[in-house]
Ligand SMILES: Nc1ncnc2c1ncn2[C@@H]1O[C@H](COP(=O)(O)OP(=O)(O)OP(=O)(O)O)[C@@H](O)[C@H]1O
Ligand SMILES: [Mg+2]
């Protein structure tokens, strides 16, 4: 059947614009899918890198239970790739009232270069590193205006020691950290001298050989080393890191999910139209003896060609785009963490498979339908696609919608993820089923409205949307695109806030961490513009609840302020009142964070013993909470912190003020030369954002790509619609529709489709966001804030794209000769 | 024929039509002049490809001649702009095609009313004419149906009703029975004949069928781009 192939080739050549847009949408889909997938993986790997921090590719740590450890202590196992001995210490940097912890690190440079080579600004190498030299990360030096060659003074064990800044390094590799402060690299001999360390190394970091695993290596080392003397452990908890990284790369996978849905829809609708367009030809060929199989096969071959071309071009383009995005990110982070470009094989395979499989399936469905149609009907041109909403389908749609919306509310555990996935897909699928009816209802309403404001053209335009396949198709695509943009933006913004603003929702504007006497607190309260001042007693790691260690216990005399200052989220809202009552009643009450509740196996109402080893007392558990703004695991009334645990100085002070900066300056002055860590929340957040800001850049770029795909999809749709509508426009023109009227009607139709699509998208994306946060919720102690503008802007954008997409058809139909369309049956 | 109706409904003067196909230019209509009197029912016949449809479309203002003019009410409609020409199509001309050309998602009544609606008229002001025309074409019980629920003959009746609703001066029809079986075709022809007789409607129709042509009062034959 060469002739059919030849026909298709001619067709491709003739319909250049459509073939192009079609290929472009497959290509973009494959590309976007690949990029979003890979960027998610790259991002995850960057997150892991950050979490591993200093250890780099080393995954096992060996320490002595007491004292130092020597290179000879580590057995020469074949599973060891590299062992890097390190010595660690700590120091304090002080300038203008700022105190910053600077952790000191030294290592065998050769081994360190293998497991985690420091990256210097200016790409140099660490050479001739000796004496009182120091390497500091750029984040630290730029903050305090330190340059290479400057002298910095660090307090080590209370003694000031001067160092010469030998090099400035990127905030990467050993300098990466996930706690506040900075890490500095010293020569090995120097660190031993300043710390007075004589005992070999403080720790060995070991990288397993390529064919070994961390688990293997740990058990081998444990076997070889005396258990009583050495401690062998995993550097970081890989599972924990993976889970954490996954959560932070969630927006990227969400982007993948939406680009997948959009790709499927765009490709499918394109093929549907193409097949419809080719029906007469299919009929003709079949009437002259081509079998159903031949026709199907040849049309599928064509789609296979599209799919492969799209994939083959799309993925390499994706690699370039990915590099571009990550490099852009690298640039803004030239002083920061380097994000590896991970081209994941599953990503490549998945994107290619989607391009090909979706193309094939999308083509197969309509082709099969077409090839089964009675030849006679096709030849006589009697096949018109019906698009009357059927009650059954609408019913299924409504039920599916309700089930999808409710399901995540009733699931828990792993089922929650399944329910969440089902819910996201279900909401989209249900909406697609319901869109025809909704459009009909909306068009009836709009008919009246436009009839009143835009005359008969408006009325006809609105009327024309009823039972109109082209229109529902457009609205569907628009809905998917707009809701994708909304969901991605909301989740993206959420992640931004989540990782950059731990004090989100907390009222405090500044805090001081250090020893503070009651007089100190009184002085702060009297400062000009100070509003709420909340001093807290702090016990770190010296209290147990029953026998469970509590890492941080705080005492407060104003639980109500505590609640709002630190944004405590009680496990259940009635607990807030219950806890307040218990604290006010003067009994021994404690509220405990959810992690600690779980660890200790506590329940609300339990009576537990809080003890510091010497004395213990019974406390009633009056509530449980989670909070991102405080690390406190347990909170008790301050009078018992004094009476039971002998608290005298406050350890933390939180405040709100008209001018938080002014208060902070005075607090620092009050502390004088006493070590403290005091920041306004704004300062703290700026610090945090400097680290994560660049991570978020790619997310915004990806949103742009989604927009691009959406725009291409909508334009593709409007274009193929025009192909279908040509005849209708010709009919209208033959009975006297002028170009001006046509323009008006097309714009009204475009605007209305845009409007309906936007309204549906806003509602559905709102529900999708609910689902997303229900699923992610248990892990995060934050609720999303929905910005109405995100919704409105995305909706407006959708309407604008549709209106822009109407311009081409308007111009095309201007030039169109109705005679030729009508004759061309 | 009565002197009062001797007035020309439409008049074509020296119509020439060339089609450019790539480098080759073919002259399809080679200087055609004709005059159709009000109330006349004219059939245009001729071999396939002789230029019948081309002539009809030029007379009906759907296409423009390469040279020559078409006069309707003393006005040369071949040189009007889109806005004016569209208005003439809505108010003075009705067209019926071989393939009905109805808007599939509008119902019968809406399809019929379309030219009036496009002309800014209100549906409610035309209840009576709509009812009348539905009666004329025999579709009074079908006005809420969509085209796909109708047979070919019924669809063609809708198309005729749509062409007539605005009381056009001239009804143009291009092979209105070309897509119908002979029985249905005959019914349509007798409908057109009745409209011509009872309402004095001027009709210009292209047809291949000598049988159909019998319904008209004059037959024009196009051959090799000229009138015979
Ligand atoms: N758009 C066009 N471009 C080029 N040639 C055309 C075009 N439209 C018509 N022709 C040519 O003009 C000639 C007359 O065409 P027309 O459609 O008027 O014929 P017809 O007499 O109506 O034929 P039929 O009875 O088959 O409908 C034909 O030879 C045709 O090939
Ligand atoms: Mg013809």
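The table for this structure:
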read-out: Förster radius 30 Å - calculated FRET efficiency between residue A:224 and residue A:57 (Cβ-Cβ, nearest 0.05); value: 0.90
read-out: Fewest-first ranking of A:789, A:561, using other Cβ atoms within 10 Å as the exposure measure; value: A:789, A:561
read-out: Descending semi-axes in Å of the protein assembly as shown, equivalent ellipsoid built from Cα gyration tensor; value: 80, 32, 25
read-out: Reciprocal mean inverse distance between Cα atoms of the range A:59-234 - Kirkwood radius, Å; value: 17.1
read-out: Acute angle (nearest 10 degrees) that the helix A:214-224 long axis makes with the longest principal axis of chain A, alpha-carbon atoms; value: 30
read-out: Sorted by Cβ density within 10 Å, fewest first, the residues B:215, A:36; value: B:215, A:36
read-out: Globularity ratio of chain B, using Cα Rg and 2.2 N^0.38 Å; value: 1.00
read-out: Average beta carbon contacts from partner chains per residue of B:99-109, 10 Å cutoff; value: 6
read-out: FRET E, pair residue A:291, residue A:353, Förster distance 35 Å, beta-carbon r, rounded to 0.05; value: 0.75
read-out: Highest-first arrangement of A:107-117, A:477-487, where packing means the average Cβ count within 10 Å; value: A:477-487, A:107-117
read-out: Nearest 10 degrees, 0 to 90: helix A:238-248 Cα axis against chain A principal axis; value: 50
read-out: Protection proxy ranking of A:520-527, A:727-734 - average other beta-carbon atoms within 10 Å, highest first; value: A:727-734, A:520-527
read-out: Angstrom value of the Kirkwood radius, inverse mean 1/r, which spans all Cα pairs in the range A:530-657; value: 14.3
read-out: Among beta bridges that DSSP assigns inside the range A:530-657, antiparallel share in %, nearest 5; value: 70
read-out: Length-normalised contact order of chain A in % [C-alpha pairs under 8 Å, at least 6 apart]; value: 16
read-out: Rg [Å, one decimal], Dmax [Å, integer] - the range B:162-217, C-alpha atoms; value: 10.8, 30
read-out: Relative contact order of chain B, defined on C-alpha pairs under 8 angstrom at six or more residues apart (%); value: 29
read-out: Average beta carbon contacts from partner chains per residue of A:507-519, 10 Å cutoff; value: 0
read-out: Extension gain from residue A:317 to residue A:162, taking 0.36 nm per residue of separation minus the Cα-Cα distance; value: 50.6 nm
read-out: Amide N proximity, the range A:458-487 versus residue A:724 label position 7 Å along Cα-to-Cβ, cut-off under 20 Å; value: A:460-482
read-out: Cut-off 13 Å, label 7 Å out along Cα→Cβ of residue A:546, residues of the range A:588-616 by amide N; value: A:596-610
read-out: Order of B:175, A:100, B:83 - criterion: other Cβ atoms within 10 Å of each residue's Cβ, fewest first; value: B:83, A:100, B:175
read-out: FRET efficiency estimate (nearest 0.05) - Cβ-Cβ, residue B:13 to residue B:211, R0 35 angstrom; value: 0.65
read-out: Shape call, the range B:46-162: gyration tensor on alpha carbons, a/c limit 1.5; value: oblate
read-out: Inter-site label distance for residue A:560 and residue A:815 at 7 Å from Cα along Cβ, in nm; value: 7.4
read-out: Inter-chain Cβ neighbour average for residues B:129-136, partner chain, 10 Å; value: 0
read-out: Rounded to 5, the percent of DSSP beta bridges in the protein assembly as shown classed as antiparallel; value: 70
read-out: Computed [θ] at 222 nm, deg cm²/dmol, chain A (DSSP H ≥ 4; -39,500 (n - 2.57); rounded to nearest 500); value: -20500 deg cm²/dmol
read-out: Where Rh is the Kirkwood radius over Cα pairs, Rg/Rh for the range B:117-210; value: 0.96
read-out: Pairwise label distance in nanometres, residue B:221 with residue A:574, each label 7 Å out on the Cα-Cβ vector; value: 10.0
read-out: Helix axis angle, A:391-410 relative to chain A longest principal axis, alpha carbon, degrees; value: 0
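Bear in mind that the values in this text are calculations on the coordinates, not laboratory data. Keep in mind that this is a model prediction, so the values were computed, not measured. For neighbour counting, all protein chains shown are included, and Cβ atoms are generated from backbone atoms with ideal geometry for every residue, glycine included.
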